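Down below is the structure, laid out as structure tokens.
The values are calculated or read from the model by the stated rules, or taken from the named source; none is laboratory data. These numbers were taken from a predicted model, which means no experiment stands behind them. Note that each Cβ is placed from the backbone with ideal geometry, even for glycine, and that neighbours are counted across all protein chains shown.
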Amino acid sequence: MSETAAAPTAPLRARAEIDLAALRANVRTLRALAPGAALMAVVKSDAYGHGAVPCARAAVEAGASWIGTATPEEALALRAAAGLPEHIRIMCWLWTPGGPWREAIEAGLDVGVSGMWALREVTEAARQAGTPARVQLKADTGLGRNGCPPGDDWAELVGRALRAEAEGLVRITGLWSHLACADEPGHPSIAPQLTLFREMVAYAEQQGVRPEVRHIANSPATLTLPESHFDLVRTGIALYGISPSPELGTPADLGLRPVMTLSASVALVKHVPGGHGVSYGHHYVTPGETTLGLIPVGYADGIPRHASGTGPVLVGGKWRTVAGRVAMDQFVVDLGGDEPEPGAEAVLFGPGDRGEPTAEDWAQAAGTIAYEIVTRIGTRVPRVYRNASV
Ligand SMILES: *Cc1c(COP(=O)(O)O)cnc(C)c1O
């Protein structure tokens, strides 16, 4: 994790400012949209690049009662470092054989279990720990990724889990699933997934499972599908103020505020004649006499190389475009004759209020989704936290 405790005094090459007040406001907005459900703040992959510890703390301050991660290592690190109140539950779901089941049980984590191998391993670890494991059985209701298929597989998993519960080795705390196309409202897969989820939950409950929480909604479902909220919503991208897809509207349309602002200090400004090739491969050639600005971030910092020739940057109040290739550590913009001072601020993306591009603009420029833009910002870019205290 890349936490920077306080705003630095020295100018930085590049920085990702993280506005924790915006994150708290997003949590409150999402909770208001799902008033009957608890909120899980999904902080996997270092909170989508925003910093897991400060984001988890801020989400809890604003009313999240669950924290979610993909890997057990992420969840264990948060339990150890985040100083979250004991009653805040932490769940992780991406397990592989031989994973740290015993540590997870001893840390009181909730663990997602999608198949028999995982149930066997967690049960054995619980026997050794002498403490029951909090197990959440995951149904594959149509995503076709992780999760237990319906039918005989589900019957076997539920039956074995109930036997382990009767032996005091597990407590089945949840039944859950994940949606394939919630970011495409009205997609024909959504209603059948919800129907199958209800059926698989009903089957487990008929067999005797008494889950504390049933859940299937991610950010887009939390925003658009009240019938998917059940007892808990698992929100990731929306916490960070990013729209799950342009189809759902802008963050502002959704009442969300982007949390990350990525900026860099202009490292060099120079005059060049027309016909001057720029950056590796000379894929940009100056159309006439102009000025070039050097922006000292590159693909090693998470700037997509696919945004070569297309990525937008605000410099001196104007949008400029990546000229030629994004290199490992730097790229160039054509400043059209303007001469900002070296050290001037170049804003790659942020909320957009100062006229800067957004993560969504970069996603479009790179042919990807805004999730990937923020998540890939590398550890070489310091995170600078704003509004850390309530
Ligand atoms: C990442 C993830 C989420 C959060 O998804 P968003 O679209 O970012 O809200 C929820 N559930 C699971 C299982 C996930 O892997």
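Of note:
- Wholly enclosed strands (runs of 3 or more DSSP E) of region 203-295 bearing at least 1 residues under 30 Å from Thr321 (Cα atoms): 260-265, 268-272, 290-295
- When Ala82 is tested against (1) touching a Phe, Trp or Tyr at 6+ places or on another chain (Cβ under 6 Å); (2) surrounded by fewer than 22 Cβ atoms within 10 Å (Cβ to Cβ), just one condition goes unmet, and that condition is (1).
- Where Glu356 falls short, out of the listed (1) buried (at least 20 other Cβ atoms within 10 Å of the Cβ); (2) without any contact (Cβ under 8 Å) to a residue 60 or more places away in the chain; (3) not in a helix (DSSP H, G or I): (2)
- Some residue of region 316-336 being within 26 Å of the chain's Cα centre (by Cα) and hydroxyl-bearing (Ser, Thr, Tyr): no
- Failed item, numbered, when Ala104 is tested on (1) more than 16 Å from the ligand (Cβ to nearest atom); (2) more than 22 Å from Leu39 (Cα to Cα); (3) buried (at least 22 other Cβ atoms within 10 Å of the Cβ): (2)
- Residue within region 293-307 that is under 30 Å from the mean Cα position of the chain (by Cα) and aromatic (Phe, Trp, Tyr) present: yes
- Members of region 40-84 found to be in a helix (DSSP H, G or I), away from the ligand (no atom under 11 Å from the Cβ) and not hydrophobic (A, V, I, L, M, F, W, C), listed by number: Asp46, Pro54, Arg57, Glu61, Pro72, Glu73, Glu74, Arg79
- Condition check for Gly249 on (1) within 13 Å of the ligand (Cβ to nearest atom); (2) in contact with a Ser or Thr (Cβ under 9 Å, 6 or more places away or on another chain); (3) at positive phi: one failure, at (1).
- Leu157 meets the stated requirement of being in the same structural domain as Gly236 (by TED's automatic domain parsing) and either touching a helix residue (DSSP H, G or I) at 6+ places or on another chain (Cβ under 9 Å) or in a loop (DSSP other than H, G, I, E, B) (or both).
- Scanning region 220-233 for residues that are within 12 Å of the ligand (Cβ to nearest atom) and in contact (Cβ under 8 Å) with a residue 60 or more places away in the chain turns up Thr222, Leu223, Leu232, Val233.
- Evaluating Arg163 against the criteria (1) surrounded by 15 or more Cβ atoms within 10 Å (Cβ to Cβ); (2) away from the ligand (no atom under 12 Å from the Cβ); (3) among the basic types (Lys, Arg) leaves one unmet condition, (1).
- Taking region 315-333 as the range and being of a type in the set (Gly, Ala, Ser), in a loop (DSSP other than H, G, I, E, B) and either buried (at least 20 other Cβ atoms within 10 Å of the Cβ) or out of contact with any helix residue (DSSP H, G or I) (no Cβ under 8 Å at 6 or more places or on another chain) (or both) as the test, the residues that pass are Gly316, Gly317, Gly324.
- Any pair with Cβ under 6 angstrom, 6 or more apart, that starts in region 196-210 at a residue that is within 15 Å of Lys138 (Cβ to Cβ) and ends at one that is basic (Lys, Arg): Val201/Arg214
- Arg380, sole failed condition from (1) buried (at least 16 other Cβ atoms within 10 Å of the Cβ); (2) among the charged types (D, E, K, R); (3) outside the structural domain of Leu268 (by TED's automatic domain parsing): (1)
- Gly236 surrounded by 24 or more Cβ atoms within 10 Å (Cβ to Cβ), within 13 Å of the ligand (Cβ to nearest atom), of a type outside the set (Val, Ile, Thr) and at pLDDT 95 or above: no
- Region 168-188, subset small (Gly, Ala, Ser) and either assigned to a strand (DSSP E or B) or more than 14 Å from the ligand (Cβ to nearest atom) (or both), residue farthest from Cys148 (Cα to Cα): Gly186
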